[in-house]
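Below is one structure; the comments refer to it alone.
The values are calculated or read from the model by the stated rules, or taken from the named source; none is laboratory data. Since the structure is predicted, the reported quantities are computational estimates derived from the model, not experimental observations. Here the Cβ is made from the backbone with ideal geometry for all residues, glycine too, and neighbour counts use every protein chain on show.
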């Protein structure tokens, strides 16, 4: 990947603009990174929609929010940097699916889908054939929907991502 797309990955890493509010405290930065992972997962289009690997970016970002408070500030900042690099590497490896902001907006299905319906649908999935990360993403989104976020309407975006996760097959192949 670094041979074929290393310059592109480096450019993405260098273009990350962390909001000043998230720079004040590493815990805030970890929540911002989690929100960004959810946004990338949900906004990916085409063959990248409901991407198995981008979904893992969400669950790993959530895990990082649990670890960061246990680290010294310098270690936490370094962990966040490497996480963001890894998340971007996965995005690049998946051939950088187009991100469509319209996929973050309410659609007819997610507008009428309550969190209770999402939970019921998740619990009705066949556990033998459903990847456990679907359940994890739903739980992450349930937790995140009411949390303080630097992203407007993050609760709505979380519901849309949860609806996506419980609603269909994963994309497992790289795009293009």
Inset, instruction - With respect to residue 76, determine if the residue is in a helix (DSSP H, G or I), surrounded by 15 or more Cβ atoms within 10 Å (Cβ to Cβ), modelled with pLDDT of 85 or more and over 17 Å from the mean Cα position of the chain (by Cα). - result: yes
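Residue-wise test of (1) modelled with pLDDT under 90; (2) under 24 Å from residue 29 (Cα atoms); (3) touching a helix residue (DSSP H, G or I) at 6+ places or on another chain (Cβ under 9 Å).
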{"site": "90", "(1), (2), (3)": "yes, yes, yes"}
{"site": "148", "(1), (2), (3)": "yes, yes, yes"}
{"site": "153", "(1), (2), (3)": "no, yes, yes"}
{"site": "164", "(1), (2), (3)": "no, no, yes"}
{"site": "168", "(1), (2), (3)": "yes, no, no"}
Inset, instruction - Only helices (runs of 4 or more DSSP H) wholly contained in the range 85-176 count here; list those with 2 or more residues that are closer than 23 Å to residue 65 by Cβ. - result: 115-124, 132-145, 154-167
Legend entry - Residue under evaluation residue 63, criteria (1) buried (at least 17 other Cβ atoms within 10 Å of the Cβ); (2) part of a helix (DSSP H, G or I); (3) under 16 Å from the mean Cα position of the chain (by Cα), criterion not met: (1)
